[in-house]
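The values are calculated or read from the model by the stated rules, or taken from the named source; none is laboratory data. Please read these numbers as outputs of a predicted model, since none were measured by experiment. Glycine also receives a Cβ, built like all others from the backbone with ideal geometry; neighbour counts cover every protein chain displayed. All accessible areas refer to the heavy atoms of the entire protein, side chains included, with ligands and DNA or RNA removed. Shrake-Rupley method; radii C 1.70, N 1.55, O 1.52, S 1.80 Å.
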Amino acid sequence: RGIDFKGISEIELTQEGPTRVQPIATFKDAGLHPAMLKNVQLAGYDVPTPIQRYCLPAIHLGYDVIGIAQTGSGKTAAFLIPILNKLMGKAKKLAAPRPNPATFVEGVSPRVRAEPLVVIVSPTRELAVQIFNEARKFCYRTMLRPCVVYGGGGFREQEEQLQKGCDVLIATPGRLIHFINNPQTLTLRRVRYMVIDEADEMLMDDWKDDLTTIMSGGEQEEGNINYMLFSATFPKGARDLARTHLAETHVRLRVGRAG
Ligand code: ADP
Ligand code: MG
């Protein structure tokens, strides 16, 4: 792919937080569910990238995480793998009752409202679809069903997707707010993990108020949600969001440009 992950040395990764995260050397060290390890192999990921080496154990240990690393450094899998892995064994118990998408019959099967366990907010349709495609790979042969909604796409089609059941929701902020305002279609009451991806870009595009609304977690207690914030840079607006919503004991990981 023309990306030299091995070129990023460990010394260039700085971490701050209540603990020293022990990085993993290989995906086999990450304590992954066998189905997830298989999906990682199927994705063709042989070695974890530097941000992944620290993020997987940090999220596994239950910390909120700020991950700052340049574009192309593998941030998507750095949060998807550990979050989905955490939920895999519990999906059946945690997820809302819903029709089986495999046997869903249009016009016959009942629709449900989406009660996702994971919400990932992304600035653009293209990035949201990329994350969705990655999520599909890691959800393969698990109980978890990913969905994507974004501005510009048809409301009706997206609503139908949500109403077939959704465990992992990837969304652009405006469209997410639209569906949050339609509580028969979507509720955040079961959310366990909320990821703000490319936070710097969304703040530049003036999504701050919407991000604040989204991160305040809707009907549910904020304390029940693990927050993750990923970004290429970490401007003041992103620091403000992190300070307001992340647990005080969060772990901050930064690749490159130390100090
Ligand atoms: P970022 O979000 O940091 O910009 P991405 O998550 O989009 O980076 O990853 C960039 C590319 O690297 C994607 O094509 C992704 O599939 C690939 N990739 C991620 N992690 C690995 C890995 N451990 N091994 C090989 N390729 C990877
Ligand atoms: Mg990314």
With every protein chain kept in the model, how would you rank 38, 208, 92 by accessible area, 1.4 Å probe, largest at the top? 92, 38, 208
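Would you mind working out the accessible area per residue for the stretch 153-257, using a 1.4 Å probe, and quoting it in Å²?
Working: 4540 Å² over 105 residues.
Computed with neighbouring chains in place, this is 43 Å² per residue.
Show me 113-126, 153-166 ranked by packing, highest mean number of other Cβ atoms within 10 Å first. Don't skip to the answer; put the middle values down first.
Details: 113-126: 22.1, 153-166: 16.9.
Ranked by mean Cβ neighbours within 10 Å, highest first: 113-126, 153-166.
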Picking from 158, 116, 241, whose Cα lies most toward the positive end of the charge dipole for the stretch 109-259 (charges on Cβ: Lys, Arg +1; Asp, Glu -1)? 116
Compute all pairwise cysteine Cβ distances in the chain, then list the cysteines with no distance under 4.7 Å to another cysteine. 55, 139
Roll a 1.4 Å probe over the protein heavy atoms and report the accessible area of residue 205 in Å², nearest 10. 90 Å²
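Over 25 Å apart: what share of the alpha carbon pairs of the chain falls there, rounded to a whole percent?
Numbers: 13485 of 33411 pairs.
Across the chain, Cα pairs with separations above 25 Å total 40 percent.
To the nearest whole percent, what portion of all C-alpha pairs in the stretch 12-59 is separated by more than 11 angstrom?
Values: 765 of 1128 pairs.
Distances greater than 11 Å cover 68 percent of the Cα pairs.
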Neighbourhood charge, 9 Å Cβ-Cβ cut-off, centred on residue 139 and excluding it, Lys, Arg +1 and Asp, Glu -1: +3
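Can you send over the carbon and sulfur percentage of the accessible area for the stretch 51-129, probe radius 1.4 Å, protein chains only?
Values: 1660 of 3050 Å².
Here it works out to 55 percent.
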Between helix 236-245 and the chain, what is the angle of the helix's C-alpha long axis to the longest principal axis, kept within 0 to 90° and rounded to the nearest 10? 60 degrees
Over the stretch 50-175, what per residue volume does the convex hull of the Cα atoms give, in whole Å³? 111 Å³
Segment residue 102-residue 43, extension gain: residue separation times 0.36 nm, minus the distance between their alpha carbons: 19.0 nm
Report the accessible area of residue 204, computed with a 1.4 Å probe over the heavy atoms of all protein chains in place, in Å² rounded to the nearest 10. 150 Å²
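Rank these residues by their accessible area, most exposed first, probe 1.4 Å: 167, 210.
Working: 167 5, 210 40 Å².
Heavy-atom accessible area, descending, gives 210, 167.
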In whole percents, the bins of 5 Å from zero upward hold the Cα-Cα pairs of the stretch 59-128 as 3, 12, 17, 19, 17, 15, 9, 5, 3, 0
Reachable aspartates and glutamates from residue 28, criterion Cα separation under 15 angstrom, eight or more residues apart if same chain: 46
